[in-house]
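Remarks on the structure that follows.
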Amino acid sequence: MSFADKVALVTGAGRGIGKAIALDLAQAGCDLVITNRTQQLGEQVRAAIVALGRKCLAVQADVADVAAVDALVKQALEQFGRMDILVNNAGIAKDGLLLRMSPEDWRSVMAVNLDGMFFTTRAVIKTMVRQRSGRIVNVSSVVGFTGNAGQANYASTKAAMIGFTKSVAKELGSRNITCNAVAPGFIETDMTAKLDEAQQKAILDQVPLGRMGKAEDVAKAVRFLASDDAAYITGTTLHVNGGMY
């Protein structure tokens, strides 16, 4: 899978799955544009990408802000002149039982996870259509398929991503642009590290492979869908969950 001379935009790349995706694409030969809400984390990832011999533009941006997204994509195109891959990874979770969930917690998750994906995709595809080529990969979640108590807001966004992915795939297929999703299961991240032993055991009891995945497992799946090897795959979801769904 050669990514020489390719440019990829990865949102939410400061840590966890997004960081692993950005580093994996850099190792494969991509130049990167990365976003993160925290400038310090973004700079750390940028330095790691540069150390791999690739170019990287790190921008502190809130993907829920349409003006910030448009400015980000404009800056990326001014620097690199093209955009080949978009990975919509930025997302937040504000868990809570539905009876106690505030409208603010509902709306903020919708804004980042869905509006952010829409704003970023809309901004990037203008260039991809002109190039008549592009790869879009959206990072969904197993809970978008199974649901999860205490995550009505988060699970709703991850399920909605799948409908968005299928629709974009149908709209842009004639321009040689593919749009797919990955749906990670329980992955070792800062978020899952906060679970206690009993919670982790309850999760692992649902996973036939008997362990949590690693961020690199998701990154490899994203790399495949972003590659020429996946040129005839679009509108689909690749489940990376150890068999739990």
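Every number here is computed from the coordinates shown, using simple stated rules; none is lab data. Values in this document were obtained by computation on a predicted structure and should not be read as measured data. Backbone-built Cβ (ideal geometry, glycine too); neighbour counts: all protein chains shown.
Details
- Single residue of 167, 227, 174 found to be among the hydroxyl-bearing types (Ser, Thr, Tyr) and over 20 Å from the mean Cα position of the chain (by Cα): 174
- Residue 93 falls short on exactly one of the conditions (1) over 24 Å from residue 217 (Cα atoms); (2) aliphatic (A, V, I, L, M); (3) in contact with a helix residue (DSSP H, G or I) (Cβ under 6 Å, 6 or more places away or on another chain), and that condition is (1).
- Residue match in region 207-228 (condition: surrounded by 15 or more Cβ atoms within 10 Å (Cβ to Cβ) and more than 29 Å from residue 32 (Cα to Cα)): yes
- Taking the criterion of being in a helix (DSSP H, G or I), of a type outside the set (Val, Ile, Thr) and buried (at least 22 other Cβ atoms within 10 Å of the Cβ), the residues of region 156-179 that qualify are 158, 161.
- Checked against the criterion of being in contact with a Leu (Cβ under 9 Å, 6 or more places away or on another chain) and outside any helix (DSSP H, G or I), region 212-227 has at least one qualifying residue.
- Scan region 125-155 for residues that are assigned to a helix (DSSP H, G or I), under 17 Å from the mean Cα position of the chain (by Cα) and within 15 Å of residue 95 (Cβ to Cβ) and the total you get is 4.
- Selected residue (only one of 61, 48 is surrounded by fewer than 16 Cβ atoms within 10 Å (Cβ to Cβ), closer than 20 Å to residue 15 by Cα, in contact with a Leu (Cβ under 9 Å, 6 or more places away or on another chain) and free of Cβ contacts under 8 Å to residues at least 60 places away in the same chain): 48
- Residue count for region 154-200 satisfying the condition of being in contact with an Asp or Glu (Cβ under 9 Å, 6 or more places away or on another chain) and among the β-branched types (Val, Ile, Thr): 2.
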